[in-house]
Each structure stands twice: as C-alpha cells, then as structure tokens.
1. Over the range 84-153, what is the relative contact order in whole percent, taking alpha-carbon pairs under 8 Å and six or more residues apart?
2. May I ask you to give the average projected area over all directions of the convex hull of the Cα atoms of the chain, in nm² rounded to one decimal?
3. List, in the order given, every pair from K39/K211; K5/K81; K39/K95; K32/K151 whose Cα-Cα distance in the structure shown is over 29 Å.
4. Per residue, how much accessible area does the range 35-123 show when a 1.4 Å probe rolls over the protein heavy atoms, in square angstrom?
5. Carbon-plus-sulfur fraction of the accessible area of the chain, 1.4 Å probe, in percent?
6. Using the alpha-carbon centroid of each, what span in Å lies between the range 22-47 and the range 169-211?
7. Can you tell which of L193, S165, I147 lies farthest toward the positive end of the dipole of the range 146-197, using +1 and -1 charges on the Cβ of basic and acidic side chains (Lys, Arg; Asp, Glu)?
8. Restricting attention to the alpha-carbon atoms of the range 2-88, what are Rg (one decimal) and Dmax (integer), both in Å?
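The values are calculated or read from the model by the stated rules, or taken from the named source; none is laboratory data. Because the structure is predicted, anything quoted here is derived from the model rather than measured. Here the Cβ positions follow ideal geometry from the backbone for every residue, glycine too, while neighbour counts run over all protein chains shown. Side chains included, ligands, DNA and RNA excluded: accessible areas come from the protein's heavy atoms. Shrake-Rupley method; radii C 1.70, N 1.55, O 1.52, S 1.80 Å.
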Amino acid sequence: VIEVKTAVNNIERSYQGIRLSEIVDKSQPHNKDGLLLIKAGDGYSFFITLEEIYSNVDLILSPQNINNLITMNIIGADSQKAWIRGVSEFIVTDKEPGIGIVDGEGVVYTFIPRNWQSEMDSFFMNTALGNKKLQGVPLLRIIDEIISKNKYVVEIASSNGEKISISSQDFLFQEEKIRIFILPTETNIEFLLGNINGEVFLSNVTQIKVK
C-alpha cells in the first residue's frame, strides 16, 4: 500500500491504495501496447493504456468510504475520465484495437482510442450488453481530421458486413450527436456507431470509408 498526493478541484488530497501496475502484473501481459479495461458497478467503463499503467507511479486503486459504503476507485489517472468510482472488473488486453479509415484517394488512417480521450464525452447507450455509460467521439471530428472537402459520404461498416452511409448533409445540426462509442467487452474493445440519445445504429464497427 502506498500513499499519493494529487490535486482534485484545486485541493490537494492524499489517497492510499495499490499501484495498478502491481495488479496488472498478475495477468502477465505480453507487452505494453494493450489496455486495461475498467468497468464500474453503475455501468460506466473506460480504459487506461498499459503504457500509462507502468509510467504513472501515482496511479492507484484506492478504497474509499462513501456514505458508509466501501468502493474501490481509480485515483491519479492522466485523464479525469479514468478516475472511476466503484470499480467492479479489470480486463487486460495485449493490443489496442482501432478502426481503419479510408479517404477518397485510398489512403488509410487508423482511429486509435487513446489519441481521442480529450474529445470524448459519456452517455448512456442501449447496447446488446445492456444500458451502459460509454465514452464517444463525434464522428464528424474524426472525419475532419482527414478530409477537407465540404461534400462527402461516410460509409461505416461492421465486422458482419452491415453498412450505414451518412452524407455530409446528414451532419447538419447534429454534428456532435453522431459518435463512435467505446464499449469494453469481456476480451477487448468494441466500437459502436450511435447518437447521444442512446441509440446504437451499428455494432462491431471495423472500417470507415469517406467518399
């Protein structure tokens, strides 16, 4: 057990707990390219890269007494989104998945979750695994990173062959609503296409094409 001091709302506080690196070590990860998927009892879930797990010495799992209930909480993560209360499950992956994005000229980019943490916001989504509080990135922001033209069609494909097409006109007035959501499963991350009202349009997203 170690003690770490960190600022929360500009107030320095002390926490005691176990380094997450010691917990992850027990799973004997093959490399540091993967993720620690974290699930909470209230349906929320997020991830921390193994790279951060082993480099952030202030990253701990800390027992907290909240309203006479002991919960296990993540303290000290670089992203506030990963300060998770009521941790119920950890899953270690060997590789961080991504979505291949192909532009109109055939150039391939990859959407990697760790690179978009600051753009994410959480919403409750009606998934096949139940109602889950997931983090999602506006799809339009991802597209804007790779394409500059004003008119285009985005084709999103799933692993089972299903496809959905969205035109640039469809993004008008709802550019923040249509998102790629991050769903931790029992083995890794699944990507969902949905909106902030909780609707899931497509599961197991594997590719995005911009035409």
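1. About 20 percent, as a whole number.
2. Hull-based average projected area comes out at 13.3 nm².
3. Over 29 Å Cα-Cα: K39/K211; K32/K151.
4. For the range 35-123, the solvent-accessible area averages 47 Å² per residue.
5. Carbon and sulfur atoms account for 45 percent of the accessible area of the chain.
6. Spelled out, the Cα-based centre of one part sits 23 Å from the other.
7. I147
8. Looking at the range 2-88, its Cα Rg and Dmax stand at 12.7, 40 Å.
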